Structure formats: C-alpha cells, structure tokens
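Colleague: For reference, the structure I am asking about is given below.
The values are calculated or read from the model by the stated rules, or taken from the named source; none is laboratory data. Predicted model, so just to flag it, every value in this text is computed and none were measured. Counting neighbours? That spans all protein chains shown, and the Cβs are built from the backbone with ideal geometry, glycine included.
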Amino acid sequence: MTKQKLPKWFKGVLYTKGDNVTNPFSGEEIDLTAEELSMYDFVMGAEYVLEARGYDEEIIKDMGKAISWIRKHNSKAYMVLLD
C-alpha cells in the first residue's frame, strides 16, 4: 500500500497508526490508515466545533477540503462514514 500524504493546509493531529472506525448511525465498520484516521478525526472535530460555536467560514472551508480528501483517497470510507 502506498503511503498517503496529507495536504499542507492540514492542521490536525497526524496519527502514527490507523484504526477501525464505526459509523455511529449504521454500525458499519471500516479500517482506516493513519492518514485517513487523522483526516476523519479532523472532520469530526470540525463538526463538533461548528455545533458548539456556530458558523465559522474557515472551519467550514477546511472541513470541506478534508471531506474531499477522504473521498479522493478512500471512496469506500467516505461512503461508509461520511455520505
């Protein structure tokens, strides 16, 4: 498997290993690489911040880029976790 590279704009935590993630609504599970898990947690964190603080244009923009990154690098994970 080719190591994925996170984009320069990414300001989240880069994990050293991946993990299995479960969609809380469907119960479906999927294994993510360290990079995919880092990006997924970034999306979930951004969602939490938006719920807590309300509209923030920069967070919304970065969250959209993170979702697009996941869709591009692991379309199955996108469908299981974010679609």
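Colleague: Name the pairs whose Cβ atoms lie under 8 Å apart, with the first residue in the range 3-29 and more than 21 Å from Ser68 (Cβ to Cβ), the second of a type in the set (Asp, Glu), and 6 or more positions between them or separate chains?
Modeller: Once the first residue is more than 21 Å from Ser68 (Cβ to Cβ) and sits in the range 3-29, its partners that are of a type in the set (Asp, Glu) give Asp19/Asp31; Asn20/Glu29; Asn20/Asp31; Thr22/Glu28; Thr22/Glu29.
Colleague: If you don't mind, another one. List, please: which pairs have Cβ atoms under 7 Å, are six or more places apart or on different chains, and start with a residue in the range 67-83 that is touching a residue at least 60 places away in the same chain (Cβ under 8 Å) and end with one that is of a type in the set (A, V, I, L, M, F, W, C) and not in a helix (DSSP H, G or I)?
Modeller: Leu81/Val21; Leu81/Ile30
Colleague: Residue by residue through the range 30-54, note down the ones that are surrounded by 17 or more Cβ atoms within 10 Å (Cβ to Cβ), in contact with a strand residue (DSSP E or B) (Cβ under 7 Å, 6 or more places away or on another chain) and not in a helix (DSSP H, G or I).
Modeller: Scanning the range 30-54 gives Ile30, Leu32.
Colleague: When you go through Lys76, Lys65, Lys61 one by one, which is the residue that is in a helix (DSSP H, G or I), at pLDDT 95 or above and either touching a strand residue (DSSP E or B) at 6+ places or on another chain (Cβ under 8 Å) or among the polar types (S, T, N, Q) (or both)?
Modeller: Lys76
Colleague: Of all residues in the range 66-78 being buried (at least 16 other Cβ atoms within 10 Å of the Cβ) and out of contact with any Leu (no Cβ under 9 Å at 6 or more places or on another chain), which is farthest from Leu14 (Cα to Cα)?
Modeller: Tyr78
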